[in-house]
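Student: Submitted below is the structure of interest, expressed as structure tokens.
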Amino acid sequence: MSEYPTNDDDQAEDIGPMLLPLDAWHREKGGRMVEFAGYMMPVQYEGIMAEHLWTRESAGLFDVSHMGQIYLTGGDLEAAVEAALPIDLSTLKTGSVRYSLLLDENGGILDDLMVTRWETGFYLVVNGATKWDDIGTLRELLPDEVTLNHLDENALLALQGPKAFAALERHVGGETPLSALTFMKGASFKLGGVDVWISRSGYTGEDGFEISIPGESAAQIAELLCGEPEVKPIGLGARDSLRLEAGLPLYGHDMTPEADPVSAGLVFGINKRRRSEGGFPGAAHVQDVLAEGPARKRIGLTLEGRMAAREGAKVFSGDQEVGVVTSGGFSPSLQHPIAMAYVDAAHAADGSALEIEMRGKRLPATAAPMPFVPHRYYR
């Protein structure tokens, strides 16, 4: 555990992509490694389609150790965090997890993140591609009395799928039974003799768990879980197709500083009290958009055939350009292409007939509600 680092980006670029604690383990398991968010990470093992469907039917183990794990402690902590994030901490109980947003002064999205109340502070998980910027932004927003620790020696694993509970329960011990965890709840456990933090959460739309563990124990825990017949290691490729089917946005694609939470459909990340009271970065702009309605909206799109719409493709209504695709791909579960896009609010209603321009062709598309595949969270 280290305090906010004096890491400089130029130096980070010079040393090339960093290695995760499980790097050798991934390679041993046949992981095809690629650079992502400044790290070498497995994009697939036996194939994206197979890994995607296995996770939907059984349980997949994802290495998400590139994510930033942050621990906040110190005096008058709740007021300080509420001044930095649009979250209502008065309703967040110990062990509970809540989705929130890091916004700039104009209400643009700098990142989305998870906030958990621990007994002595707040545990945050932020996106890997933005974590250094997030740490810098938080350090600027938080008073000196708040200590920000980057838990850079910890690994983070996600066990996702309908059989994740059965596989994990065989190996956990502690005061709290694993069955006591419902969606967005967490607790401390012993897993394979290692002290870990487990929350019932994830990024696939399936039931599942995220497990924070000491980096030196990562291979031991990964091997333990993948020794169960329900569990296989799953790469970044299937993680992306799973989250797309679940209608979950990806930072840098479906969320950017040019997008506000209302247009992005993420107002649930701003608690009701905070929407009215404000007091967080960008509050005035967010309140204006809430009052007037957004000029554009993030929507789901379904397509026929096999050709997938890709990020950056233009969206049309007749001859009028009305939006742009931010994420797209072929849905292994539905067996047809799906996409997310920002479109003018007038063309955002479910069922709207639209077209996507790909390779000089117009692909018929229909505005559709998200998630494309129903969530199966354990509530």
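Student: Among the residues of region 306-322, is any of a type in the set (Lys, Arg) and over 25 Å from the mean Cα position of the chain (by Cα)?
Tutor: Within region 306-322 (the criterion being of a type in the set (Lys, Arg) and over 25 Å from the mean Cα position of the chain (by Cα)), the answer is yes, since at least one residue qualifies.
Student: Also, I was wondering about something else. Counting only residues that are surrounded by fewer than 20 Cβ atoms within 10 Å (Cβ to Cβ) and among the polar types (S, T, N, Q), how many does region 89-129 have?
Tutor: Residues that pass the stated criteria total 6.
A quick yes/no check of all residues on (1) under 16 Å from Ala368 (Cα atoms); (2) assigned by TED's automatic domain parsing to the domain that holds Ser100; (3) touching an Asp or Glu at 6+ places or on another chain (Cβ under 6 Å); (4) modelled with pLDDT of 95 or more:
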site: Ala246; (1), (2), (3), (4): yes, yes, no, yes
site: Ile270; (1), (2), (3), (4): no, yes, no, yes
site: Pro281; (1), (2), (3), (4): no, yes, yes, yes
site: Phe316; (1), (2), (3), (4): yes, no, yes, yes
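Student: Restrict the check to region 361-369 and report whether at least one residue is modelled with pLDDT of 95 or more, in contact with a Lys or Arg (Cβ under 9 Å, 6 or more places away or on another chain) and surrounded by fewer than 16 Cβ atoms within 10 Å (Cβ to Cβ).
Tutor: No - not one qualifying residue is present in region 361-369.
Student: Which is in contact with a helix residue (DSSP H, G or I) (Cβ under 7 Å, 6 or more places away or on another chain) and at pLDDT 95 or above, of Val322, Val289?
Tutor: Val322
Student: What pairs come out if I take residues in region 152-181 that are in the same structural domain as Arg243 (by TED's automatic domain parsing) and pair them with residues that are modelled with pLDDT under 95 whose C-beta lies under 7 Å away, six or more apart or interchain?
Tutor: Asp152/Ser2; Glu153/Met1
Student: For region 331-372, give me each residue that is over 19 Å from Glu206 (Cβ atoms), of a type outside the set (A, V, I, L, M) and part of a strand (DSSP E or B).
Tutor: His336, Pro337, Tyr342, Asp344, Glu355, Glu357, Lys361, Arg362, Pro364, Thr366
Student: Another one. Does region 101-109 contain any residue that is closer than 19 Å to Ala158 by Cβ, touching a Leu at 6+ places or on another chain (Cβ under 9 Å) and either assigned by TED's automatic domain parsing to the domain that holds Gly237 or of a type outside the set (Phe, Trp, Tyr) (or both)?
Tutor: Scanning region 101-109, I find no residue that is closer than 19 Å to Ala158 by Cβ, touching a Leu at 6+ places or on another chain (Cβ under 9 Å) and either assigned by TED's automatic domain parsing to the domain that holds Gly237 or of a type outside the set (Phe, Trp, Tyr) (or both), so the answer is no.
Student: Right, another one. Consider region 91-134. How many of its residues are small (Gly, Ala, Ser) and over 16 Å from the mean Cα position of the chain (by Cα)?
Tutor: 5
Student: With the requirement that a residue be within 24 Å of Pro261 (Cβ to Cβ) and either of a type in the set (D, E, K, R) or without any contact (Cβ under 8 Å) to a residue 12 or more places away in the chain (or both), what does region 209-249 give you? Let's see the steps before the verdict.
Tutor: From region 209-249, those within 24 Å of Pro261 (Cβ to Cβ) are 210, 239-240, 242-249; that's our starting set.
Across region 209-249, the qualifying residues are Glu210, Arg239, Asp240, Arg243, Glu245.
Student: Does at least one position in region 75-96 carry a residue that is assigned to a strand (DSSP E or B), in contact (Cβ under 8 Å) with a residue 60 or more places away in the chain and farther than 25 Å from Met18 by Cβ?
Tutor: Scanning region 75-96 turns up at least one residue that is assigned to a strand (DSSP E or B), in contact (Cβ under 8 Å) with a residue 60 or more places away in the chain and farther than 25 Å from Met18 by Cβ.
Student: Only residues that are free of Cβ contacts under 8 Å to residues at least 24 places away in the same chain and either part of a helix (DSSP H, G or I) or buried (at least 19 other Cβ atoms within 10 Å of the Cβ) (or both): list them for region 189-208, please.
Tutor: Just the residues of region 189-208 that are free of Cβ contacts under 8 Å to residues at least 24 places away in the same chain, to begin with: 189-190, 193, 195.
Phe189 - this is the single residue of region 189-208 that is free of Cβ contacts under 8 Å to residues at least 24 places away in the same chain and either part of a helix (DSSP H, G or I) or buried (at least 19 other Cβ atoms within 10 Å of the Cβ) (or both).
Student: Considering only residues of region 136-181 that are surrounded by fewer than 20 Cβ atoms within 10 Å (Cβ to Cβ) and among the β-branched types (Val, Ile, Thr), which is farthest from Ala222 (Cα to Cα)?
Tutor: For region 136-181, the residue satisfying everything is Thr137.
Student: Out of region 315-331, which residues are farther than 13 Å from Arg362 by Cβ and of a type outside the set (A, V, I, L, M, F, W, C)?
Tutor: If the condition is that a residue be farther than 13 Å from Arg362 by Cβ and of a type outside the set (A, V, I, L, M, F, W, C), then Gly323, Thr326, Ser327, Gly328, Gly329, Ser331 are the ones that fit.
Student: If Gly16 meets every condition in (1) modelled with pLDDT under 95; (2) surrounded by 15 or more Cβ atoms within 10 Å (Cβ to Cβ); (3) not β-branched (Val, Ile, Thr) apart from one, which number is that one?
Tutor: In the conditions (1) modelled with pLDDT under 95; (2) surrounded by 15 or more Cβ atoms within 10 Å (Cβ to Cβ); (3) not β-branched (Val, Ile, Thr), Gly16 misses (2) alone.
The values are calculated or read from the model by the stated rules, or taken from the named source; none is laboratory data. Since the model is a prediction, treat every value here as computed from it, not as a measurement. Note that we place each Cβ from the backbone using ideal geometry, even for glycine, and neighbour counts take in every protein chain shown.
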